[in-house]
1. Restricted to the range 214-249, and to residues that are assigned to a strand (DSSP E or B) and either in contact with a Gly (Cβ under 6 Å, 6 or more places away or on another chain) or among the small types (Gly, Ala, Ser) (or both), which residue is nearest to residue 54 (Cα to Cα)?
2. Pull up the range 46-79, narrow it to residues that are more than 22 Å from residue 91 (Cα to Cα) and of a type in the set (D, E, K, R), then point me to the one that is most open to solvent (accessible area, probe 1.4 Å).
3. How many residues does the range 29-42 hold that are within 16 Å of the ligand (Cβ to nearest atom) and either in contact (Cβ under 8 Å) with a residue 24 or more places away in the chain or among the charged types (D, E, K, R) (or both)?
4. I'd like the full set of residues that are open to solvent by 70 Å² or more (accessible area, probe 1.4 Å), within 15 Å of residue 279 (Cα to Cα) and not in a helix (DSSP H, G or I), limited to the range 294-311.
5. Could you check the range 134-151 and list, in sequence order, the residues that are open to solvent by 20 Å² or more (accessible area, probe 1.4 Å) and in a loop (DSSP other than H, G, I, E, B)?
6. Tell me which of these residue 45 doesn't satisfy, since it passes every other one: (1) within 16 Å of the ligand (Cβ to nearest atom); (2) in a loop (DSSP other than H, G, I, E, B); (3) not charged (D, E, K, R).
7. Is there any pair linking a residue in the range 103-130 that is under 20 Å from residue 169 (Cα atoms) and among the acidic types (Asp, Glu) to one that is open to solvent by less than 20 Å² (accessible area, probe 1.4 Å) and away from the ligand (no atom under 14 Å from the Cβ), with Cβ under 8 Å and at least six apart or on different chains, and which?
8. Can you pull out every residue in the range 48-70 that is among the polar types (S, T, N, Q) and more than 16 Å from the ligand (Cβ to nearest atom)?
Amino acid sequence: MLGLYVHVPFCAIKCPYCDFYSTKYTKKYALDFVESIKQEIDTYPKLEFDTLYFGGGTPSLLPIEFLNEILLNIRKHFSLKLCESTIEINPNTVNFDKLSALKALGFDRLSVGVQSIHDNELLKLGRKHTAKQALNCIENAKKAKFENISVDIMLGIPEQTIESLSKTIEKLKDVQHISAYILKIEENTPFYGTVEVDDDEVANMYLFMVEKLKQFGFIQYEISNFSKQGFESQHNLKYWRCEEYIGLGKSAHSFYNGKRYYDRNIITEEHPATYSERAMLGLRLCEGFSIKDFSKAEEYAKKYESLGLLEFKDDKIALTPKGFLVSNTIICDLSG
Ligand code: SF4
């Protein structure tokens with residue numbers, strides 16, 4: 001079944017490392033946004049969805065009545081058989097009442113932008129919340145009866161050490177899901193040319209984190225994603241498994257009827273199951289992907305297996321944690 005993504009393009013401030021499309025929140029923009037989403041919904045037939053994901057931006061900046069308005073239109077127009085309904089939140093945009101209201105709207109999964117539980121690291125990242133606010137937010141979410149909480153953490157933050165990362169993981173070990181991203185300095189961001197990430201140090205942090213999360217019962221299922229048993233993100237798995245989804249919002253992508261769209265324009269008619277696309281997405285997953293019809297790839301795969309970067313699992317190949325660190329090179333070789 002299809003996944004439905006709603007891109008909410010507002011943030012309270014722009015984080016200095018972020019190159020996602022977002023604009024400053026104002027009530028007027030938000031009202032225009034809700035109207036444009038309603039109109040966009042009306043252009044689709046009555047499709048069936050089993051996952052719903054509000055991402056951004058910072059969707060939790062939207063007032064509850066605006067979120068409700070969008071959800072009412074989604075429910076009226078589409079057929080929902082949801083197994084997962086996620087909203088991304090920033091810790092300083094929600095209190096217990098708002099979290100309870102989000103639960104009452106039908107969201108059953110939160111994705112919380114924590115990044116670190118150390119104030120000096122949050123400050124270096126230019127985040128506007130404190131460690132205390134992040135931890136309070138998780139406690140409030142539990143009190144509001146959320147039983148599926150995901151947190152984003154970051155590796156490679158200036159001043160971060162293995163010890164400080166270890167403490168961040170320990171504090172967050174009771175949530176159901178952790179997404180861990182390596183700080184990437186993108187061009188056209190204030191961090192570009194002013195902040196440097198030490199690749200070797202970050203590689204050590206990544207391998208340390210994989211082991212530490214394993215000790216706390218997290219199963220790695222994707223290059224950056226770890227979950228307790230049964231709490232993998234069903235929506236995001238669709239992207240990596242080349243399954244179809246509709247994206248609502250000006251800067252959302254869709255993949256529908258075998259075509260990829262951006263802003264309602266077709267960007268490629270290439271069939272999704274091309275080898276290189278499947279390799280690129282499938283090799284992000286620990287379940288791996290099948291190379292049985294591709295003898296050239298097998299040759300490369302054997303080379304990487306001997307280096308401990310890749311494993312054969314029946315007729316599939318999957319990268320090891322060390323392999324994930326050099327995944328771009330391996331994916332290039334295997335799909336070239
Ligand atoms: S809150 Fe998220 S989307 Fe918004 S600027 Fe910061 S990192 Fe980017």
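1. Filtering the range 214-249 down to residues assigned to a strand (DSSP E or B) leaves 219-222, 225-227, 245-248.
If we keep only those that are either in contact with a Gly (Cβ under 6 Å, 6 or more places away or on another chain) or among the small types (Gly, Ala, Ser) (or both) too, we end up with 227, 245, 247.
Working: 227: 20, 245: 13, 247: 10 Å.
Result: 247.
2. Step one: list which residues in the range 46-79 are more than 22 Å from residue 91 (Cα to Cα), which gives 46-51, 69-79.
Those still in the list that are of a type in the set (D, E, K, R) too: 46, 48, 50, 69, 75-76.
Values: 46: 138, 48: 78, 50: 32, 69: 66, 75: 115, 76: 156 Å².
Checking each candidate, the answer is 76.
3. We begin by selecting, within the range 29-42, every residue within 16 Å of the ligand (Cβ to nearest atom); these are 29-30, 33.
Narrowing the set further to residues that are either in contact (Cβ under 8 Å) with a residue 24 or more places away in the chain or among the charged types (D, E, K, R) (or both) leaves 30, 33.
Residues in the range 29-42 being within 16 Å of the ligand (Cβ to nearest atom) and either in contact (Cβ under 8 Å) with a residue 24 or more places away in the chain or among the charged types (D, E, K, R) (or both): 2 in total.
4. 311
5. Pass one, the range 134-151, residues open to solvent by 20 Å² or more (accessible area, probe 1.4 Å): 135-136, 139-140, 142-143, 145, 147-148.
Residues satisfying the conditions are 145, 147, 148.
6. (1)
7. Listed by first residue and then by second, the contacts come to 119/131; 121/160; 121/164.
8. 51, 68
The values are calculated or read from the model by the stated rules, or taken from the named source; none is laboratory data. All values derive from a computational prediction rather than experimental measurement. Methodologically, a virtual Cβ is constructed for each residue, glycine included, from the backbone with ideal geometry; neighbour enumeration extends over all protein chains shown. What goes into the accessible areas is simple: the full protein's heavy atoms, side chains included, and nothing from ligands, DNA or RNA. Shrake-Rupley method; radii C 1.70, N 1.55, O 1.52, S 1.80 Å.
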